[in-house]
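The values are calculated or read from the model by the stated rules, or taken from the named source; none is laboratory data. Since the model is a prediction, treat every value here as computed from it, not as a measurement. Cβ atoms come from the backbone with ideal geometry, glycine included; neighbour counts cover every protein chain shown. Please note that ligands, DNA and RNA were not included when accessible areas were found on the heavy atoms of the full protein model with its side chains. Shrake-Rupley method; radii C 1.70, N 1.55, O 1.52, S 1.80 Å.
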Amino acid sequence: MAALGKIRSKGVLLISIIGFALFAFIAEELFRSCESHRNESRQQVGEVLGEKVSVQDFQKLVDEYTAVIKMTQGRDNLTDEELNQVKDVVWNTYIQNQLISHEAEKIGLTVTDQEMQNILNQGTNPMLLNTPFVNQQTGRFDANVLKKFMAEYKQAQGTNPQLVEQYQSIYNYWTFIEKSLRTQILAQKYQALLAGCMLSNPVSAKMAFKDENEESSIQLASLPYSSINDNKVQVSDADLKAKYEELKPTFKLYDEARDIKYVDFQVVASAADRAALNKTFAGYAQTLAAAADPADVVKKSGSSVNYLGIAQTKAAFPSDIAAKLDSMSVGQTTAVVENKRDNTLNIIKLLSKTQLPDSVEFRAIQVGGTTPEETAQRADSIYKALQAGADFEAMAKKYGQNGSKSWITSQQYQNAPSLDSDTKAYIESLNTMGVNETKNLKMTQGNIILQVLNRKAMTTKYVAAVIKKTIDFSKDTYSQAYNKFSQFVSESQTVEALEKNAAKYGFKLQERQGVQNSEHYVAGVRGTREAMKWLFDAKENTISPLYECGDNDHLFVMALNKINKKGYMSLDDEKVKEYVKQQVIRDKKAEMLMAQVKGVNSISAAKAKGAQISTVNQITFAAPVFVQATMMREPALSGAVAATAKGKFSAHAVKGNAGVYLFQVVDKKARPAKFNEKEYEQRQRQKSLQSVGNFMRDLYLKANVTDNRYLFF
């Protein structure tokens with residue numbers, strides 16, 4: 001009982017403790033729930049029509065499209081800029097496909113398998129013509145070639161891994177084309193359905209013809225707004241508010257954006273760095289000029305241009321190097337040359353210059369054996385048989401090969417990072433052999449019997465050794481720059497301090513308005529993805545950390561000035577307020593000028609009121625007239641002139657973009673053109689289609705698209 005009394009005596013305290021414990025439990029569960037939701041959101045690159053897009057799914061689409069580009073262009077890698085373009089294309093295509101599919105589903109619009117089969121049978125769709133399944137005789141896609149490939153693809157499974165990989169690449173490419181073709185056709189059907197809603201008629205066609213071909217000549221009286229000083233116009237808050245409401249749709253932001261101030265400092269080589277590099281290059285020049293085989297010299301120099309030791313076209317060399325090759329003599333080594341455009345030092349040694357084919361058609365038989373002697377004997381036997389007139393393909397089949405004809409082009413090999421001795425000998429043989437010449441070529445792993453069948457596009461090729469190196473800064477130079485910039489950032493933890501200290505430290509403070517998270521870089525500076533993450537998570541008037549970015553040669557810091565949320569920009573925004581103010585001033589100047597010419601009924605009277613008089617010819621309703629006095633196109637003036645009869649003076653002053661106008665119609669006549677009703681009906685229909693051509697934008701705005709790619713890419 002004593003214990004119970006003790007508990008009761010501490011009742012308030014216990015209730016408080018229990019209450020706090022319950023709150024802590026609930027808060028912990030809430031935190032876990034929020035954290036779980038936050039972790040889930042961190043794995044989403046965006047949202048379309050309420051459907052979340054995971055980073056894994058998006059990456060698969062990016063990888064798929066990247067593989068297609070690599071295959072079609074014969075590339076192993078893409079640059080950062082190209083990868084960014086791929087991600088943008090994939091994202092925009094995904095959104096478009098989702099929007100079209102959503103709309104099509106609502107109206108029951110589909111692409112049937114039979115429709116797809118009909119398109120494959122026709123074989124004329126441009127997308128199909130970029131596949132390996134084109135009949136070379138007809139120039140059309142051949143569904144039978146595709147069927148044959150599919151059968152071979154199934155049979156190839158479980159065989160030679162290299163063969164399976166090749167078949168798989170082509171199969172993946174085809175599935176991409178097929179999927180893209182289906183979505184393309186669905187979009188075309190939806191657009192065609194939309195286009196069918198746009199009608200024209202003979203009446204509108206005839207009006208359009210008149211609008212384009214009825215010309216007017218006028219005497220024009222112009223009163224520019226610039227003739228009144230802005231200081232003479234009084235603008236009240238009520239004026240601004242009223243004009244803002246009128247123009248409010250203009251200020252709608254569909255995507256959140258940020259206004260920033262930033263310092264981007266690029267570290268460059270110091271005078272000492274340049275002197276050291278020039279000394280090193282002087283040594284390279286001497287060594288390269290004396291070297292019989294420059295391969296080792298180029299490799300040790302760390303040149304960005306690889307030395308292959310084979311004849312290459314100009315396309316294999318950087319443009320500045322290629323531009324010098326024709327003016328050089330064989331055996332010449334240039335002096336050290338600086339290229340300011342790519343910030344490099346360069347030396348070239350030209351070893352040979354000759355005319356060789358850009359394309360060679362050939363066939364080959366690979367010869368092997370259990371011993372080198374057996375291989376050599378078998379290759380010699382095949383070579384002699386071919387020299388005696390044996391059939392090449394029959395001989396190839398005898399050794400389990402097809403001996404089919406192939407083409408090799410300079411582009412296929414001349415940009416390789418390196419070539420072994422066997423590959424060099426192989427390429428040199430193909431380039432130098434004559435048509436119908438056969439050669440027994442000994443390789444490390446066996447022999448190859450080569451036969452050249454055709455040579456095309458004779459061109460000048462060069463064997464050139466190039467040492468090209470960037471004029472880089474040293475570690476000491478970067479360290480000094482980093483320490484200075486770091487000190488600047490540490491002293492600039494407010495916007496005001498950033499502005500003040502930038503000048504003090506000799507840095508340039510720049511501004512950028514409207515940064516969106518769909519951009520790949522902040523203010524166009526490479527490697528600023530982490531800075532982008534900070535920017536869209538920070539609060540206004542805060543300073544970012546110091547970022548090392550660019551190609552590891554930029555130091556970057558920024559201040560977040562303003563967060564521009566989705567929706568309507570307010571009148572308090574400086575840019576909005578200034579724009580509205582200028583529109584109010586223009587309106588008030590128009591009122592003042594209209595009052596000035598009130599009651600004027602002739603050109604001479606308008607001139608007496610201070611108007612500038614000029615003659616303007618060939619005015620049509622269909623095109624805005626350009627007024628020389630105000631240097632502005634004025635659509636309202638074109639409309640007023642079209643509505644005024646010949647010989648008449650304008651009934652009212654016309655308020656334009658840059659002034660107020662009065663006019664006298666001197667002449668009005670039709671151009672000598674023949675009216676084609678069907679043509680003009682079609683043209684009107686096209687204009688109507690253009691007017692609804694932004695339907696994808698409208699669908700996008702309704703889809704509540706969220707783009708979080710900046711968190712991942």
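Given +1 at the Cβ of Lys and Arg, -1 at the Cβ of Asp and Glu and no other charges, the dipole of the chain around its Cα centre is 1600 debye to the nearest 20. Across the cross-link table entries Lys87/Lys154; Lys581/Lys607; Lys261/Lys702; Lys243/Lys539; Lys248/Lys566, which are compared at the Cα atoms, the separations over 23 Å belong to Lys87/Lys154; Lys581/Lys607; Lys261/Lys702; Lys243/Lys539. Summing +1 for each Lys or Arg and -1 for each Asp or Glu among the other residues whose beta-carbon sits under 11 angstrom from that of Asp259 gives +1. A 1.4 Å probe run over the chain, with the rest of the protein chains in place, finds 58 Å² accessible per residue. In the context of the full protein assembly, His652 retains an accessible surface of approximately 140 Å², using a probe radius of 1.4 Å and ignoring ligands and nucleic acids. Within the set (i) -0.70, -0.92; (ii) -0.46, -0.61; (iii) -0.38, -0.52, the number that log10 I(q)/I(0) by the Debye sum over Cα atoms at q = 0.06, 0.07 Å⁻¹ takes when calculated for this structure is listed as (i). Measuring nothing but protein heavy atoms, the accessible surface of the chain at 1.4 Å probe radius is 51 percent carbon and sulfur.
Give me the net charge for the shell around Gly514: Cβ to Cβ below 12 angstrom, other residues only, Lys and Arg +1, Asp and Glu -1.
Working: positive: Arg258, Arg512, Lys562, Lys575; negative: Asp255, Glu256, Asp259, Glu511, Glu519, Asp573.
That sum, taken over residues with Cβ under 12 Å, equals -2.
If you place +1 on the Cβ of every Lys and Arg, -1 on the Cβ of every Asp and Glu, and leave all else neutral, what size is the dipole of segment 77-174 about its Cα centre, to the nearest 20 Debye?
Details: 6 positive and 11 negative charges, 87 e Å.
I would put it at about 420 debye.
The chymotrypsin sites (Phe, Trp or Tyr not before Pro) of segment 226-330 that meet both conditions, a loop assignment by DSSP and at most 12 other Cβ atoms within 10 Å of the site Cβ, are Tyr254. In this structure Asp476 has an accessible area near 110 Å², from a 1.4 Å probe over the protein heavy atoms. The translational diffusion coefficient of segment 172-284, from Stokes-Einstein at 10 °C and 1.306 mPa s with a Kirkwood hydrodynamic radius over alpha carbon pairs, comes to 63 µm²/s.
Toward the positive end of the charge dipole of segment 133-197, with +1 on the Cβ of Lys and Arg and -1 on the Cβ of Asp and Glu, the farthest Cα among Ala151, Ala192, Phe176 is that of Ala192.
Count neighbours as other Cβ atoms within 10 Å of each site's Cβ, and list the GluC sites (Glu not before Pro) in segment 347-456 that are DSSP loop with at most 15 such neighbours. Mind dumping the intermediate values first?
On the way: sites: Glu361, Glu373, Glu374, Glu393, Glu428, Glu437; in loops: Glu437.
Taking segment 347-456 and a limit of 15 other Cβ atoms within 10 Å, the loop GluC sites (Glu not before Pro) found are Glu437.
The mean of 1/r over all pairs of different alpha-carbon atoms in segment 375-455, once inverted, gives a Kirkwood hydrodynamic radius of 13.7 Å. Taking the Cα centroid of segment 150-174 and of segment 48-127, what is the distance between the two, rounded to the nearest whole Å? Centre-to-centre distance over Cα atoms comes out at 23 Å.
Give the relative contact order (percent, whole number) for segment 593-652; include only Cα pairs under 8 Å separated by 6+ residues. All intermediate terms of the calculation are to be shown ahead of the outcome.
Working: 41 pairs, mean separation 14.7, N = 60.
Worked out over segment 593-652, it gives 25 percent.
The mean sequence distance of close C-alpha pairs (under 8 Å, at least 6 residues apart), as a share of the length of the chain, puts its relative contact order at 23 percent. A straight chain from Gln157 to Ser54 at 0.36 nm per residue would run longer than the Cα-Cα distance by 33.9 nm. From the residues Asn517, Leu498, Asn483, which one has its Cα farthest along the dipole of segment 479-520 in the positive direction, the dipole being from +1 and -1 charges on Cβ of Lys/Arg and Asp/Glu about the Cα centre? Comparing the listed Cα positions along the dipole, Asn483 ranks first.
State the Kirkwood hydrodynamic radius of segment 107-227 in Å, one decimal place, computed from all pairs of distinct Cα atoms. Numbers along the way, then the final one.
Details: mean 1/r = 0.0513 Å⁻¹.
About 19.5 Å, per the Kirkwood formula over Cα pairs.
Between Ser406 and Glu548, what length in nm is gained on full extension when 0.36 nm per residue of separation is reduced by their alpha carbon distance?
Values: separation 142, 0.36 × 142 = 51.12 nm, distance 4.94 nm.
Length difference between fully extended and current span is 46.2 nm.
Cα centroid distance between segment 620-666 and segment 276-316, in Å? Measuring centre to centre over Cα atoms gives 70 Å.
Can you check what the net charge comes to around Thr313, using other residues whose Cβ is under 14 Å from the Cβ of Thr313 (Lys, Arg +1; Asp, Glu -1)?
Numbers: positive: Lys314, Lys353, Lys456, Lys461; negative: Asp326, Asp358.
Residues close to Thr313 contribute a combined charge of +2.
Selection among Val233, Val463, Val53 by position relative to the dipole of the chain gives Val233 as farthest towards the positive end (Cβ unit charges, Cα centre).
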